[in-house]
Amino acid sequence: MNQVIETILQHRSIRKFEARALSDEQIRTIVECAQAASTSSFMQAYSIIGVKNKEVKRKLAELAGNQSYVENNGHFFIFCADLYRHEMIGEMEKVDLSATLESTEKFMVALIDTALAAQNAVIAAESMGLGVCYIGGLRNNLPEVCELLKVPKRVIPLFGIAVGYPAQNPDKKPRLPFHHVYHEETYQQDRSKLEEQLKQYNETISSYYEKRTNGERHDTWTGQMANMLSKQVRMYMKEFVEGKGFNLK
């Protein structure tokens with residue numbers, strides 16, 4: 001096992017950081033590593049907004065559900081699906097690209113490109129001894145986030161990543177069993193086997209929470225997911241995405 005694999009396997013979310021800003025060199029390295037990620041047809045359909053301003057981070061923390069680590073970190077990166085520059089390309093080359101840019105396929109390309117770049121950034125940051133936490137809470141209030149960041153049409157902030165020097169060392173959260181996630185040749189649909197794997201995973205997760213909270217929590221994963229998925233949240237998203245010029249065809 002090499003150092004890269006060890007870094008990946010030791011990932012955990014950090015939600016408390018030292019009061020130390022990242023250097024410009026660290027920021028540049030993280031962004032350049034993000035740019036090195038694979039990209040569909042060389043589209044590079046994403047942009048990254050870095051936020052240093054304390055007041056802007058405070059406002060973003062509020063919009064993301066009052067998550068303190070959005071405000072208090074070494075640097076805050078916002079990863080955006082971005083087809084704005086591709087619209088500019090159409091204007092530069094005098095070609096109408098609107099039908100393609102508004103397709104579901106190119107919406108998916110932008111989402112995938114952004115996620116690939118972000119994960120490269122996370123691995124780079126963690127390899128430098130930094131901690132990270134993905135922030136999907138920005139999608140709670142995307143119109144306000146876009147206004148705050150002056151985001152144009154055909155750009156959608158998908159999530160943030162808080163990065164900094166860790167001020168905590170939480171236990172690694174257990175993932176689903178290998179054989180529940182990995183299927184060979186075809187998707188395995190033996191429901192009795194899948195259910196048994198989920199029950200075993202529930203025991204693992206329940207023990208994890210019990211240890212982490214000194215017995216105050218005994219959550220199972222299936223119970224946690226059922227509770228979360230039974231609540232309708234961010235139901236404005238389809239209209240918002242279409243209003244940004246994505247996923248119209």
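Brief remarks follow.
- Checking S23, S41, S13 one by one, the residue that is in contact with a Pro (Cβ under 8 Å, 6 or more places away or on another chain) and among the hydroxyl-bearing types (S, T, Y) is S13 and no other.
- Enumeration of residues in the stretch 220-248 that are surrounded by 10 or more Cβ atoms within 10 Å (Cβ to Cβ) and hydroxyl-bearing (S, T, Y): T220, T222, Y236
- Residues satisfying the stated conditions in the stretch 45-57, i.e. outside any helix (DSSP H, G or I), crowded, with 17+ Cβ neighbours inside 10 Å and of a type outside the set (A, V, I, L, M, F, W, C): Y46, S47
- Output for the stretch 99-112, where each listed residue is loosely packed, with under 14 Cβ neighbours inside 10 Å and in contact (Cβ under 8 Å) with a residue 60 or more places away in the chain: A99, T104
- The requirement of being surrounded by fewer than 18 Cβ atoms within 10 Å (Cβ to Cβ) and closer than 30 Å to L176 by Cβ is fulfilled nowhere in the stretch 72-87; no residue meets it.
- Filter result for A117 (under 25 Å from N247 (Cβ atoms) and either at pLDDT 95 or above or not in a helix (DSSP H, G or I) (or both)): yes
- Checked against the criterion of being under 30 Å from A99 (Cα atoms) and modelled with pLDDT of 95 or more, the candidates F178, F240 yield just one match: F240.
- Residue, surrounded by the fewest Cβ atoms within 10 Å (Cβ to Cβ), within the stretch 207-219, restricted to residues that are under 25 Å from the mean Cα position of the chain (by Cα) and at pLDDT 90 or above: D219
- Among the residues listed as K193, K231, the single one being under 30 Å from P157 (Cβ atoms) and charged (D, E, K, R): K231
- Options L158, L194, L138, L148: the member that is surrounded by 12 or more Cβ atoms within 10 Å (Cβ to Cβ), in contact with a strand residue (DSSP E or B) (Cβ under 8 Å, 6 or more places away or on another chain) and not in a strand (DSSP E or B): L138
- Residue check for E93: over 19 Å from the mean Cα position of the chain (by Cα) and closer than 28 Å to K249 by Cβ: yes
- Within the stretch 120-135, the set of residues being surrounded by 18 or more Cβ atoms within 10 Å (Cβ to Cβ) and of a type in the set (S, T, N, Q) comprises just one member, N120.
The values are calculated or read from the model by the stated rules, or taken from the named source; none is laboratory data. Note that the structure is a prediction, hence the values are computed from the model and not measured. Positions of Cβ are generated from backbone atoms using ideal geometry, with glycine treated the same way; all protein chains shown enter the neighbour counts.
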